[in-house]
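The values are calculated or read from the model by the stated rules, or taken from the named source; none is laboratory data. Just so it is clear, the structure is predicted and the values come from calculations on it, not from any experiment. FYI the Cβ positions are ideal-geometry reconstructions off the backbone, even for glycines, and counts take in every protein chain you see.
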Protein chains: 2
Amino acid sequence: MTPADLSARIRNKALLDRIVSADEAAALIKDGMVVGMSGFTKAGDAKAVPVAMAERAKADPFKITLITGASLGHDIDRMLTEAKVLARRMPFQADPTLRKAINRGEVMFIDQHLSETVEHLRSNQLGPIDYAIVEAAAINEDGGLVPTTSIGNSASFAILAKKVIVEINLSQPMGLDGLHDIYIPSKRPTRAPIPLMACDSRVGTPYVPIPPEKIAAIVITNETDSASSVLPSDAETSAIARHLIAFFEREVASGRLDLTLQPLQAGIGSIANSVLQGLADGPFHHLRLYSEVLQDSTFDLFDAGKLSFASASSITLSAPYAERVFGSFEAYKDKLILRPQEISNHPEIIRRLGIIGINTALEFDIYGNVNSTHVDGTMMMNGIGGSGDFARNAYLSIFVTKSLAKNGAISSVVPMVSHVDHTEHDVDILVTECGLADLRELAPRERAALIIENCAHPDYRPQLRDYFERAVARGGHTPHLIEEAFAWHVRRQKTGSMRES
Amino acid sequence: MTPADLSARIRNKALLDRIVSADEAAALIKDGMVVGMSGFTKAGDAKAVPVAMAERAKADPFKITLITGASLGHDIDRMLTEAKVLARRMPFQADPTLRKAINRGEVMFIDQHLSETVEHLRSNQLGPIDYAIVEAAAINEDGGLVPTTSIGNSASFAILAKKVIVEINLSQPMGLDGLHDIYIPSKRPTRAPIPLMACDSRVGTPYVPIPPEKIAAIVITNETDSASSVLPSDAETSAIARHLIAFFEREVASGRLDLTLQPLQAGIGSIANSVLQGLADGPFHHLRLYSEVLQDSTFDLFDAGKLSFASASSITLSAPYAERVFGSFEAYKDKLILRPQEISNHPEIIRRLGIIGINTALEFDIYGNVNSTHVDGTMMMNGIGGSGDFARNAYLSIFVTKSLAKNGAISSVVPMVSHVDHTEHDVDILVTECGLADLRELAPRERAALIIENCAHPDYRPQLRDYFERAVARGGHTPHLIEEAFAWHVRRQKTGSMRES
């Protein structure tokens, strides 16, 4: 790199002498520290210092509490797990190696609503953050950090931490400067309303305000974000999208929505991505996203002329989309805002804007309770993420999943979910490739009939009807046969399938 | 009553000719209608028209959807159930006769977060309200209604309904005029922030603004609210209060709270009442309540000089307290506000103010999930009420219960709750008479150890330890033996007790 490159990125010349190697920066992290690291759905993660930390731990073992925005890219959670650096990890992860260590009880994982982590930090319910390690596109003259492709919890980490290590990533376009809107709610109980009133409201600063003295080290990197691994649409995800779009059309016909719908949130993953892609072909227009993460489908909607504005906490794209979007970023930039995840997911804002939230279920039950996280009530997949922030406060809370998993050995619709992340109160609409159940203002018995007939796979409907009918015969507001509520899960553990033989 | 009495209560003289008997008003309600009725935790319910409706239905059967604020007094839910008037009922109830009808599947009960019902009404997710039947202390010249001892959902019912039937209750003191603060959020997505920033903020009008033309009938009543039936403190509730107060003292010592704590919410019931009474003797001062319901203990705290202000949606007192409080209401009035339950329970406000929420659990499990509503996952008790509004968004979410029920046949601490109302994410502190578990920033396995040792009754600890240890041996983030997760509930159904023989 040339000095000119660096002076565009590090605008306070006094900070140039804080540039160190990743190894030198990693050496600052001591055993027992609490570390806040940037990264949300693989975007904008710190890329060099955590790798150096994992390397160092091989010779010099140490353990930390690691807090991030959400999941990281670059196998960082795998490397830190293998190096046994992680004592505690929060609030979300999506790494197979870390997942196994969590399920073995080797890493204490604290699974949190993504809007809440920094509230806990701010009110000292967790110890102080020793170091924030955050990626930035640039450092302003006054020390302010220009984030990259995500904000996540990085702004509050940098503000609350004792010291900050900044990774200046030369591969992140300078055009990101100005994209972000950093608003930090004040301390309670004297907090003012968050003045955000629309997806495109700018209420904060485009940088993270920290004093330059707080920057302990700067590491220069030049590596792109990990590419998202979203799967292409298939017959089932396309059918889910069709059911949902037909539902939106009925809502418009009933006068409850107009063709601009309400601001949309879509959880990360293939089904939500497919639903958003489906909207590109529908009659809807001037759509708005108020979401956690912007996936490929966001830019398809922009290009189709269907989307007016998109607000989120990160941009996570596949490699071809990343090239296209960041290659012509000025075409999109004035229609985008990235925010701290506390704000993208804030109950106050979700409720005020009246978001339509679309999230993915692992399984749901005949009464509409949703499990997003635990296999057999026991084994953690990723974490609840932001789904609870949105589902609880949404205008419409929608959960989607395929009706079958493991080649039909698992029904996603079960008598009782083995773990509850979202209660029936927080679930309005359920969709599988088989159909859609509109649960609004229905009692549990009414919900069950709809869910079984509309959402369950036909192969499992007789078993579900049998369970429901026998439970109803015994009575109750939410009829269950408590002694066989998990019989399907037990059967799968024993026989490999939920099917009755 | 004298004409002078009436003109003080009905300030628009043109409305005097709308005074009718309760029977005449009840005759306006037709089969299939949606009716919104005042009443929240027995306070401020319509007292004459619903009784006349039940009477009329004996000769002239009809069914309605009945929406209220929360529970009603005067056995109204019993009478309407016995007269088979209720087809659908929401969002809460606490009547034994109605409960049985719900559990038999005769009344479709829609159990809702109390802050959400009017959002659904406002966005037409439910049919329009045909009639609002609301108690008032007075009707202003412009038609505005002065509520009585509760607001609940009455303001939005009156505003959204096609027609309004007003019960003017002469037994409700005129001094209630000026107590209320009616603020109605605007339609989404163009809603502004709710400007409420403290318990004592007044942001609306002291009356429900409706045009006088909308008032279809006025019925004069003269009957006091049903008295609350809160039980006196006992050894267990006092022990729970002591544990909680010692915890608050530790929080103050740690610097996380000061002696004014944060605004407090306490669910209705004997344990919460006992906890608040316990605060009267502690070192705390200038306390504030931002709650759903003000019980006897509120006025003990005022009289002890400990409480600065109390905001809620209703005042529900025992007979002696009602006499004392309403007999000298001017002494309290400038320290009280009643609000619509949408505002008393609003996620935006709960999160902004940083409420400490204290609610009652029916059972909780070793990982901190709470069941507030369903016996054996099946039989409804009352409903989730406002507990979810507070628990999800609170600064501290506290759940309290006695460790045993039914003379020890039931442990309130179980391996897995049979129904989830509040997930582990929304539960910070659990308290029984045995002790307190501070679950903040702990992983499930860590939570289990604390809950078993601190909260479970000693008689059940060996059984819980055995379950937990065997589950841990099998692995998982939240270790469970799925095939015996409900063995305790099944055993109680079969043997009458959760104890292993």
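When restricted to residues that are in contact with a helix residue (DSSP H, G or I) (Cβ under 8 Å, 6 or more places away or on another chain) and basic (Lys, Arg), the range A:26-54 contains 1.
Checking every residue in the range B:400-422 against the condition of being under 20 Å from B:Leu244 (Cβ atoms) and within 14 Å of another protein chain (Cβ to nearest Cβ) gives at least one match.
Quick check on my filter: what residues within the range B:31-77 are among the aromatic types (Phe, Trp, Tyr) and under 14 Å from the mean Cα position of the chain (by Cα)?
Listed by number, the list holds a single entry, B:Phe40.
Please verify whether the range B:74-90 includes one or more residues that are modelled with pLDDT under 95 and either touching a helix residue (DSSP H, G or I) at 6+ places or on another chain (Cβ under 8 Å) or within 22 Å of B:Ile151 (Cα to Cα) (or both). Within the range B:74-90 (the criterion being modelled with pLDDT under 95 and either touching a helix residue (DSSP H, G or I) at 6+ places or on another chain (Cβ under 8 Å) or within 22 Å of B:Ile151 (Cα to Cα) (or both)), the answer is yes, since at least one residue qualifies.
Quickly run through the range A:150-207 and pick out the residues that are part of a strand (DSSP E or B) and either in the same structural domain as A:Lys333 (by the TED database) or among the small types (Gly, Ala, Ser) (or both). Of everything in the range A:150-207, those that are part of a strand (DSSP E or B) and either in the same structural domain as A:Lys333 (by the TED database) or among the small types (Gly, Ala, Ser) (or both) turn out to be A:Ser150, A:Gly152.
A quick yes/no check of all residues on (1) at positive phi; (2) modelled with pLDDT of 95 or more:
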{"site": "B:Arg104", "(1), (2)": "no, yes"}
{"site": "B:Phe109", "(1), (2)": "no, yes"}
{"site": "B:Gly127", "(1), (2)": "no, no"}
{"site": "B:Gly178", "(1), (2)": "yes, yes"}
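Annotation: of all residues in the range A:175-199 being within 7 Å of chain B (Cβ to nearest Cβ) and surrounded by fewer than 17 Cβ atoms within 10 Å (Cβ to Cβ), the one that is nearest to A:Thr260 (Cα to Cα) is A:Pro195. For the range B:241-284, a tally of residues being in a helix (DSSP H, G or I) and within 14 Å of chain A (Cβ to nearest Cβ) returns 5. Taken together, the criteria place B:Ala216 among residues that are assigned to a strand (DSSP E or B), more than 14 Å from chain A (Cβ to nearest Cβ), touching a residue at least 60 places away in the same chain (Cβ under 8 Å) and surrounded by 15 or more Cβ atoms within 10 Å (Cβ to Cβ).
Within the range A:119-133, one or more residues are aromatic (Phe, Trp, Tyr), farther than 24 Å from A:Leu294 by Cβ and not assigned by the TED database to the domain that holds A:Leu294.
For the range B:99-115, the candidate set comprises residues that are more than 8 Å from every other protein chain (Cβ to nearest Cβ) and under 18 Å from the mean Cα position of the chain (by Cα); within that set, the residue that is farthest from A:Gln262 (Cα to Cα) is B:Arg99. Residues in the range B:364-388 that are over 18 Å from the mean Cα position of the chain (by Cα) and within 23 Å of A:Ile110 (Cα to Cα): 6 in all.
Scan the range B:368-380 and tell me whether some residue there is more than 14 Å from chain A (Cβ to nearest Cβ) and among the β-branched types (Val, Ile, Thr). No, the range B:368-380 contains no residue that is more than 14 Å from chain A (Cβ to nearest Cβ) and among the β-branched types (Val, Ile, Thr). All of (1) assigned to a helix (DSSP H, G or I); (2) crowded, with 21+ Cβ neighbours inside 10 Å; (3) small (Gly, Ala, Ser) hold for B:Ser238 with one exception: (2).
For the range A:1-34, the set of residues classified as surrounded by 14 or more Cβ atoms within 10 Å (Cβ to Cβ), without any contact (Cβ under 8 Å) to a residue 60 or more places away in the chain and in a loop (DSSP other than H, G, I, E, B) consists of A:Ala27 only. Among the criteria (1) in the same structural domain as A:Thr316 (by the TED database); (2) touching a residue at least 24 places away in the same chain (Cβ under 8 Å), the one A:Arg256 does not fulfil is (2). Restricting the range B:458-473 to residues that are under 19 Å from A:Ile102 (Cβ atoms) and surrounded by 13 or more Cβ atoms within 10 Å (Cβ to Cβ), which is nearest to the chain's Cα centre (by Cα)? Per the stated criteria, the residue is B:Phe468.
Whether a residue is buried (at least 23 other Cβ atoms within 10 Å of the Cβ) and more than 23 Å from the chain's Cα centre (by Cα) was assessed, and B:Ile151 does not pass this test. For the range B:473-501, filtering for residues that are modelled with pLDDT of 95 or more and either among the charged types (D, E, K, R) or at positive phi (or both) leaves 10.
Do we have any residue at all in the range A:140-153 that's within 14 Å of chain B (Cβ to nearest Cβ) and more than 30 Å from B:Ala473 (Cβ to Cβ)?
For the range A:140-153, residues within 14 Å of chain B (Cβ to nearest Cβ) and more than 30 Å from B:Ala473 (Cβ to Cβ): absent.
On inspection, A:Ala46 qualifies as of a type outside the set (Asp, Glu) and touching a Gly at 6+ places or on another chain (Cβ under 8 Å). Return the residues of the range A:379-392 that are without any contact (Cβ under 8 Å) to a residue 60 or more places away in the chain and either in contact with a His (Cβ under 7 Å, 6 or more places away or on another chain) or more than 21 Å from B:Asn393 (Cβ to Cβ) (or both); say none if nothing qualifies. Passing the criteria: only A:Ala391.
A:Glu441 falls short on exactly one of the conditions (1) closer than 30 Å to B:Leu121 by Cα; (2) more than 9 Å from every other protein chain (Cβ to nearest Cβ); (3) surrounded by fewer than 24 Cβ atoms within 10 Å (Cβ to Cβ), and that condition is (2).
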